[in-house]
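Below is one structure; the comments refer to it alone.
The values are calculated or read from the model by the stated rules, or taken from the named source; none is laboratory data. Fair warning: this is a prediction, and the values are worked out from it, not measured in the lab. Cβ sites come from the backbone with ideal geometry, for glycine too, and all protein chains shown count toward neighbours.
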Amino acid sequence: DNLEVMREGIALMKELALHNHPDGLCGYATALLLGKAGLEPNSVAAIIWFGKSADLYAHAQSMYELGVAFYTGEGVPEDEIQAASFFSKGSRYGTRSNNFHVQGLFDGLGGGKEG
């Protein structure tokens with residue numbers, strides 16, 4: 001069963017996260033954020049795991065996810081300055097998505113955001 005395989009994968013990801021593996025932290029945070037494999041979506045918990053990965057390892061994908069969270073206000077108060085900071089930090093460590101968002105925010109801090 002596909003759901004069972006996904007649950008096993010999430011359990012392994014969580015185990016890696018509990019041992020502070022950088023991709024495990026980010027992967028488990030993503031599963032929490034999206035509510036994968038039957039997990040209840042929990043953006044606040046996801047932000048904690050993304051933050052740990054970003055703090056411990058300067059994990060670019062985690063920084064990108066934190067930038068998105070601060071930009072959209074998902075799991076944290078909306079803060080475009082914090083979003084730009086995370087996108088900028090993430091772009092230094094190799095995530096192209098961060099570069100795109102940094103440029104957009106700096107071109108008109110929030111000017112292109114729909115809402």
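Cβ contacts < 7 Å: first residue on the phi > 0 side of the Ramachandran plot, restricted to region 79-99; second residue at pLDDT 65 or above, any location; separation 6+ or different chain. Result?
Qualifying pairs under 7 Å: Gly94/Ala60.
Of all residues in region 16-41, how many are within 12 Å of the chain's Cα centre (by Cα) and part of a loop (DSSP other than H, G, I, E, B)?
Going through region 16-41 one residue at a time, the tally reaches 0.
Could you grab me the full set of residues in region 52-82 that are surrounded by 22 or more Cβ atoms within 10 Å (Cβ to Cβ) and over 12 Å from the mean Cα position of the chain (by Cα)?
Those that are surrounded by 22 or more Cβ atoms within 10 Å (Cβ to Cβ) and over 12 Å from the mean Cα position of the chain (by Cα): none in region 52-82.
Any residue in region 8-37 that is within 10 Å of Trp49 (Cβ to Cβ) and without any contact (Cβ under 8 Å) to a residue 24 or more places away in the chain sitting within a Cβ distance under 6 Å of a residue that is assigned to a helix (DSSP H, G or I) and among the β-branched types (Val, Ile, Thr)? List the pairs, counting only those 6 or more apart or interchain.
Close Cβ pairs (under 6 Å, with a partner that is assigned to a helix (DSSP H, G or I) and among the β-branched types (Val, Ile, Thr)) amount to Ala31/Ile10.
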